[in-house]
Every structure is written in C-alpha cells, then in structure tokens.
1. When only residues in the range 130-184 that are free of Cβ contacts under 8 Å to residues at least 12 places away in the same chain and touching a helix residue (DSSP H, G or I) at 6+ places or on another chain (Cβ under 6 Å) count, which is surrounded by the fewest Cβ atoms within 10 Å (Cβ to Cβ)?
2. Going by what's in this entry, would residue 235 be described as in contact with a helix residue (DSSP H, G or I) (Cβ under 6 Å, 6 or more places away or on another chain), more than 27 Å from residue 145 (Cβ to Cβ) and at pLDDT 95 or above?
3. I'm checking my understanding of the structure. Among residues of the range 95-127 that are outside any helix (DSSP H, G or I) and in contact (Cβ under 8 Å) with a residue 40 or more places away in the chain, which one is nearest to residue 205 (Cα to Cα)?
4. Go through (1) out of contact with any strand residue (DSSP E or B) (no Cβ under 9 Å at 6 or more places or on another chain); (2) closer than 25 Å to residue 220 by Cβ; (3) buried (at least 17 other Cβ atoms within 10 Å of the Cβ); (4) at pLDDT 95 or above and name the single condition residue 126 misses.
5. Among the helices (runs of 4 or more DSSP H) confined wholly to the range 1-94, which include 1 or more residues that are surrounded by 11 or more Cβ atoms within 10 Å (Cβ to Cβ) and at pLDDT below 90?
6. Given the condition part of a helix (DSSP H, G or I) and within 21 Å of residue 212 (Cα to Cα), answer yes or no: does some residue in the range 162-177 qualify?
7. Can you tell me which of 257, 210 is under 30 Å from residue 96 (Cα atoms), at pLDDT 95 or above and either crowded, with 21+ Cβ neighbours inside 10 Å or within 19 Å of the chain's Cα centre (by Cα) (or both)?
C-alpha cells in the first residue's frame, strides 16, 4: 500500500500548490507531529549507524533459517498467488460498489489460500516448521514494539526516496506531473460504501502484509540467503523483487527502501511477525491519512 499524499505533507512547503482534479489547492503545511516523527526517525537511524559501524556489523550474528526448499519453490508460490488473484477479475461488476466488493472479497480469499499454502510449505520444508519460518506467538509483544521503532527509523528514508522520485519525475515530465496514487487507496478514498471501505482497509492493513511477508521475506529471502550465504545480498535482491511486482514504477524507489527495512527486521530478529507488523503499520498509517483528508485532497 502506497500513498504519495502522506509524503507531500513533509516535502512540500506552505507556499506550494498541488493540482487535484485540475484544481489547484494549497499543500498541507508540516505539522508538529510530522516534524517529531521525522526527527525521531532520523535520530533512531543515526543511532543505528553509530552502533553498527555504519551498518557493517548490523547482521553479523544473524543466523540463516534452516530449510530444504528448492530454489524455484518461491517463484511457484508467487505465480500461484497471481493466478488466484486473477480469478477475482471474473467476479462481479467493476462499475458498482457491490461488484467491487465481490471482486475484492474473492481476492482476499485468494490471498488467504496462499497463506495456507505457505504454512504447509513451512511445515514441510523448514526446520521446526512454522516456528522455523519465524511465526512464534510468544514474540508478539516484543515484535510489536520493535516493529514500530524500526519503521520509525526507516520512515525518513522512505520519505526521502519519495521526495527524490517526485523531483526527478517533475524534471522529466514537468512541474504539473502527479505520481499516480495506488489504486486501492484511490478506490478507498472515492468510495462512499462503508462495507467496501472496511473490506479494503482489512485487506491493506491485515491480509496484504501477511501474504506478502510470507512470500517475499519468508520464502524468497530465506531461499536466496540459503544459496548466497549472506544476509544483505538476500535482502537487496528480495527488496528489488518486492518493489517490481507493484504496477507503478514511480512507487518502486520508496517501496524498495521500505522493503530493505522489512528484510533487515526479519534477518535481525528471525521473526516474520516483526516484518508483518511493520508492513501492517505502514499500510495502516497510509489508510488513516487517506480517510482523514478533506474532500478534494486526493487526486
């Protein structure tokens, strides 16, 4: 889930204008909460750099997850997820909210089926089964707190990546160019049907983080590390793959930076719950920003 509007709250100044549906409107000024969030994140990231020799020692003691997965299994699971998602396109009428609700409900079910298949793979191919994948209920309290702190440290980097993307695209396409909004967020902001909004929010803040973290961090990152024997190359390659499955190229830089944080959290803790919580918090924040903006904010 990706929302460019939340980033513009930070990178745009009061005097700048945004174009929304052909109408100029003042950009939201930076709030105290925005400033505190960014400064706190910068402080946490700086502390991490100092305590890990600029990141070189950050994963020195992280252990690979023992498994016997073949290298093509994560790709097979990803293709299966895509195929299951495509079945949703044949359901309902996209011109009505009821039809969109049916489509997204089928898509949600497809993701849950994929989660079930990944759990089966973990049970069969990971040492200690789903615990070896990184799903342990006893770590939930610790993972919740550290997921928030890790996301806070990554947040300024995600903002910087988005700001740089906006600057480059406007240099190329002109100052009036607007980075397309994520389709799910656009639908969420435009819909007046509460059942559809609730379903979209659940999918974005709960279902998507679980299935995507299981596939990319749980399967892909684990498999790549098993072959390369080093954590950072596995994190980078998985992050590139994660960003590239999203439709809009202009979202890739920020998604790549976010994915680096998710991958680091997984390797550092060995807990998949930590990256799931981070992902869910990130999506949930963007959903909250969309739903609390006044009419006409979303272009």
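1. The extreme case among them is 177.
2. no
3. In this case the residue turns out to be 126.
4. Residue 126 satisfies all of (1) out of contact with any strand residue (DSSP E or B) (no Cβ under 9 Å at 6 or more places or on another chain); (2) closer than 25 Å to residue 220 by Cβ; (3) buried (at least 17 other Cβ atoms within 10 Å of the Cβ); (4) at pLDDT 95 or above except (1).
5. Output list reads 4-11, 32-51.
6. no
7. None of the other options fit; the residue is 210.
The values are calculated or read from the model by the stated rules, or taken from the named source; none is laboratory data. The model shown is predicted, which means the values in this text are computed figures rather than measured ones. Counting neighbours? That spans all protein chains shown, and the Cβs are built from the backbone with ideal geometry, glycine included.
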